[in-house]
Structures are given as structure tokens and as C-alpha cells.
Amino acid sequence: MMVGKYKEGKMTVHYKSSPSRLARLFKQGREKWKKKALDRQKKLEFADVKMRDLEKSRDKWKQEAKELAKRNKQLERDALIRQAEIEKKKKDNKGRQHRRR
């Protein structure tokens, strides 16, 4: 238990517990605080690493998706060109068949 006195802009605190008990309690409190701070720091470091890895993975997949989309467009263009060539050959063949008759 603590009893406080206010004197000329300063707060003086007098404890009823013995100094050895106070020292032990203060030390325990400090150790708990340090452990919590270290645990928090480890969690933050883990989160930073995870976030970095996720960003790297997301960027990789994003790039791959862009490349596949580009490839898909090229294949669609090629397919249209081939289709046009086939249609043209069909027309040419029909024209030749009519001339033979």
C-alpha cells in the first residue's frame, strides 16, 4: 500500500511494505513488462516477415497472371487469323469447283 504526500511540486511516496518486498515486486513487474515487450516485438517481426512473403507471392502471381493474359490474347489473335485463312481457303475451293463444272 502506498501513501502519497504532495510537497512543493513533487510527489513523494511512502510505502508501508518493507523495502525488500518492494524490490522483489518491482523486479517482478519489470520482468513481466520486459517479457510482454519481447513477445510483442517477436509477433511484430513475425508479422513483418509474413507480410513481406505474402507481398512477394502476390507480386509473383500477379506477374504470372499478366503474362498468361497477354499470351491468351495472342493465342486468340492467332486463332482469328487462322480462322480467316480457313474461310478464305474454303471460298477459293468453292470458286475452283464452280469453274471446273
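Remarks
- Radius of gyration over Kirkwood radius for the range 42-101, both on Cα atoms: the Rg/Rh ratio is 1.62.
- Taking every Cα-Cα distance in the chain and sorting them into 10 Å bins from zero, the calculated P(r) comes out as 11, 13, 12, 11, 10, 9, 8, 7, 6, 5, 4, 3, 1 percent.
- Distance in nm between pseudo-label sites at Lys89 and Lys34 (7 Å out along the Cβ direction from Cα): 8.2
- The chain, relative contact order in percent, only Cα pairs under 8 angstrom and at least six apart counted: 10
- Full-stretch length increase - Arg21, Ala79 - with 0.36 nm per residue and alpha-carbon distance subtracted: 12.3 nm
Bear in mind that the values in this text are calculations on the coordinates, not laboratory data. Since this is a predicted model, take the numbers as computed values, not measurements. Cβ: placed from backbone, ideal geometry, glycine included. Neighbour counts: every protein chain shown.
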